[in-house]
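Report on the following structure.
Please treat every number below as a calculation from the coordinates, not as lab data. The model shown is predicted, which means the values in this text are computed figures rather than measured ones. Note that we place each Cβ from the backbone using ideal geometry, even for glycine, and neighbour counts take in every protein chain shown.
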Amino acid sequence: MSGTSLQRGLKAWMEEMDAPVASFFSSCVHCGICAEACLFYTETGDPKYTPIHKLEPMRRFWQQEFTLFGKLLKTVGLSKPVTDEELEEWETLVYDSCTLCGRCSMACPVGNDITYMIRKAREGFVASGHVPKGMVGAAGRAIRIGSPMGVKLSALEAQIRHIENDTGLKIPVDVEGADYMALLSSMEIMNFPEYIEALARIFKQAGVSWTLCSEAFEATNSGIQIGSKDIARQLVQRVVDGAEKLGVKYVISPECGHAYFAIRWEGPNLIGREYKFEVVHILELLDQLRAKGRLKVSEKFDERLTFHDPCQIVRKGGVLAETRNLMGMIASNFVEMEDHREHNWCCGGGGGVSSNERADELRIKVFSRKKKQLDAVAPETLVTACANCRLMLEDGLEEYHMELPVTGLTEMIAEKLVEEEK
Amino acid sequence: MTPTEFLVLTRGPLFDIAVTIFVFGIVLRLFEVLILGRKADLAAARGAEFKPGMATVMRRFVPDREKLQGSPVVTILGYLFHVGFFVCLLLFVPHIELIHSTLGISWPGLPTAMIDAVAVITMLALVGLFINRLNSKLLRFLSTFEDYFLLVVVFLTLFTGYLAFHRIVEPYPTALALHLLSVELMLVIFPFTKLMHTFTAFLGRYYNGAMYGRRGVES
């Protein structure tokens, strides 16, 4: 590495600029509508949380480097260069108060995909060393140990033994030539092993040939969240190597939102080539099995259920109809929150915010948005499909003294599965 | 300078210079945007790009519940102003005649009484947007000099046109020259300010819709 950290940051931005970013920056008229779409603004009323404002240093850099008029302004001193102090000041806006949820991108009248730009802006913040400690730690563990939470293979093996002993089910590991290779998030291994059990039960019923991979079981990608292509690429490569070694046809992204976005949408661009396998989200696969009649439930849940759409899977990931098809299969009393599907409000902990302890207080504060949404429909159980959302929802509900069980959709399905004894 | 000389100047050389800067400026700015290009996306697409891109271009014309509830002033006055401005610009008979004499194309206009009413509504909407920018804590925070300045410049084009049409400023050549001057000011700053969103917003919406559409989402 050469040059100051600031120069490295600006160089990273230089590489991130493209025609969409230039269009977006050229178009913003400061109408303030994106603020109303962002829970960090609506729940605090602080204008500094306006999504487009979080990009102000990058906008100026673009103007000064990529427009003739901006160059002129800079030359005569009417436009100040971006400074290190400024990036330090903006670090909290870019990391603590943005979950990359994409809601503002759906609202902007001139079509600015602000989240797309925040993701790019983070590349410059990482390169210039302005990153929250918690996220650096998570990314470091992901590279060194293989999991942002420091979960090792031995921990997974212990959970597998537990599940196999408790249920008599077999959890296949490193089976070459299996059709599907399932990925997990550390949170599922440590906090929600029910998910692994659910997979085993469902796949047994549906006759799906699947396996875990001992060298690539972790799906989450801290590199995407922190905004480092280098880290993200290494983590994706691990999965690609594992899948290609086992020769699977499909890789299953777990319920975890960012994991899906990372492996499905950013992955091939990070490693610079198309995959030799297909990536499916677990809900996509379950919905395919449902449509083919290979996934059957014995009865529906009677209680009032609602579904929290994980941003990265639904709004940004495109797994939309599948969530409702599956909810329809298991819920007799399903109720939609007012803003749902691509307009849902974030849990507040996406985009790396959950691993950034500094942001905890703010995250809990803005959870009031979710509380309002939930209060309006008063569900008896909250269903979601992302381990991170689930932890954040549980945390928020506890802080707001709300009694509401949170569960994962895959587990709900597994619970009502028709078990055909052979 | 006599009023007539003033009019000859604003109608002749100044107008030509302004239009030249406007046209070349826009070409330059669009070039600056498009030259950056877009990397090919290697992730297997779930949906198309072109149709969803165009759909988003259209969809963002429609104000939704959240915009009407969250930003009612900006949404309603913004809508009135944009529609009103283009009605005055493109459907006022003398404007159509000017366009016809330079570009050779023409279309039917609206009765002047109607244009007159639209112009008043448009100017009121602009005044409202300006006051709202000053009053709203959010917008005051976001606003730069440019945001206020552009509202004034656009207002002036309508206001001077209104003054000239109603013969409020005498003599008439001076009034018309002032109107032309305000338009020339707008044309000259257009490519180098946020007025460019008139063009780039379509690009931005398209990119947004195309990128989401590829992932199977209507944005």
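Scan around A:R304 for amide H atoms under 5 Å from its own, H built in the peptide plane at 1.01 Å from N, and keep only partners 5 or more places away or cross-chain.
Amide H neighbours of A:R304: A:E380, A:T381.
Using only Cα atoms, what Kirkwood radius does the stretch A:5-130 have, in angstroms?
Evaluated over the stretch A:5-130, this radius sits at 14.7 Å.
May I ask you to derive the FRET efficiency for B:I76 and B:K137 from their Cβ-Cβ distance with R0 = 30 Å, giving the value to the nearest 0.05?
0.95
For chain A, what's the relative contact order in percent, using C-alpha pairs closer than 8 Å and at least 6 residues apart?
17
Counting only other residues whose beta carbon sits under 9 Å from that of B:R214, what net charge do I get with K and R as +1, D and E as -1?
Cβ neighbours under 9 Å give a net charge of 0.
Only counting other Cβ atoms within 10 Å, I'd like A:I189, B:I26 sorted with the fewest neighbours first.
B:I26, A:I189
Check which residues have an amide H placed less than 5 Å from A:A331's amide H, if you skip close sequence neighbours.
Excluding prolines and chain starts, which carry no amide H, the hits are A:F301.
If I fit a long axis through the Cα atoms of helix A:133-144 and take the longest principal axis of the Cα atoms of chain A, what angle between them do I get, 0 to 90°, rounded to 10?
50
Cut-off 10 angstrom, C-alpha nodes, Gaussian network model of chain B. Which of B:L90, B:L185, B:L156 fluctuates the most?
Looking only at B:L90, B:L185, B:L156, the biggest GNM fluctuation is shown by B:L90.
Which value in Å is the Kirkwood Rh of chain B over different Cα pairs?
For chain B, the Kirkwood estimate is 19.8 Å.
Past 19 Å, Cα to Cα: identify those pairs from A:K316/B:K137; A:K371/B:K137; A:K249/A:K296; A:K11/A:K120, in the order given.
A:K316/B:K137; A:K371/B:K137; A:K249/A:K296
When the Kirkwood radius is taken over all Cα pairs of the stretch A:135-290, what Stokes-Einstein diffusion coefficient follows at 10 °C and 1.306 mPa s, in µm²/s?
For the chosen part, D equals 103 µm²/s.
Putting +1 on Lys and Arg Cβ atoms and -1 on Asp and Glu Cβ atoms, find which of A:W62, A:A178, A:S222 reaches farthest to the positive end of the dipole of the protein assembly as shown.
A:W62
How many nm is it between the label spots at A:T4 and B:R65, if each spot is 7 Å from the Cα in line with the beta carbon?
Distance between the two pseudo-spin positions: 5.1 nm.
May I ask you to evaluate 6.51 cos²θ - 1.76 cosθ + 1.60, the Karplus curve with θ = phi - 60°, for each residue of the stretch A:51-67 and list the ³J(HN,Hα) values in order in whole Hz, giving x for glycine and proline?
Once θ is set to phi - 60°, the couplings for the stretch A:51-67 become x, 5, 5, 5, 9, 3, x, 5, 4, 5, 4, 4, 4, 6, 9, 10, 10 Hz.
Would you list B:I131, A:I160, B:I76, A:I52 from fewest to most Cβ contacts within 10 Å?
Arranged by neighbour count, lowest to highest, B:I131, A:I160, B:I76, A:I52 become B:I131, B:I76, A:I160, A:I52.
Most exposed first by the Cβ proxy, i.e. fewest other Cβ within 10 Å, how do A:H30, B:H95, A:H308 rank?
The fewest-first ordering by Cβ neighbours comes to B:H95, A:H30, A:H308.
Using a 7 Å offset from the Cα along the Cα-to-Cβ direction at both A:M14 and B:I168, what is the distance between the two label points in nm, to one decimal?
Label-label distance for A:M14 and B:I168, simple model: 5.3 nm.
Whole Å is fine, so just give me how far the alpha carbon centre of the stretch B:158-219 lies from that of the stretch A:91-146.
The stretch B:158-219 and the stretch A:91-146 have Cα centres separated by 34 Å.
Between A:V297, A:V248, A:V236, which gets the highest mean-square fluctuation from a Gaussian network model of chain A, Cα cutoff 10 Å?
A:V297
Where both residues lie in chain A, what percent of DSSP beta bridges are antiparallel, nearest 5?
If I count the DSSP bridges inside chain A, around 5 percent turn out antiparallel.
Who wins for biggest fluctuation among B:G12, B:G25, B:G209 in a Gaussian network model of chain B, springs between alpha carbons below 10 Å?
Fluctuation is largest for B:G12.
Would you mind working out the magnitude of the charge dipole of the protein assembly as shown relative to its Cα centre, with +1 at each Lys and Arg C-beta and -1 at each Asp and Glu C-beta, to the nearest 20 Debye?
Around 1220 debye, computed over the protein assembly as shown.
Taking Cα centroids, how far is the stretch B:1-70 from the stretch A:278-341 in Å?
41
Just need the relative contact order of the stretch A:294-415 here, percent rounded to a whole number, with Cα pairs under 8 Å and 6+ apart.
Here the relative contact order equals 29 percent.
Got the relative contact order for the stretch A:101-226 handy, in percent, Cα pairs under 8 Å and 6 or more residues apart?
Once divided by the residue count of the stretch A:101-226, the mean separation gives 27 percent.
Rounded, prolate or oblate for the protein assembly as shown? Axes are the square roots of the Cα gyration tensor eigenvalues, ordered a ≥ b ≥ c, and the cut-off for rounded is a/c under 1.5.
Since a/c reaches 1.5 and a/b is larger than b/c, the shape of the protein assembly as shown is classed as prolate.
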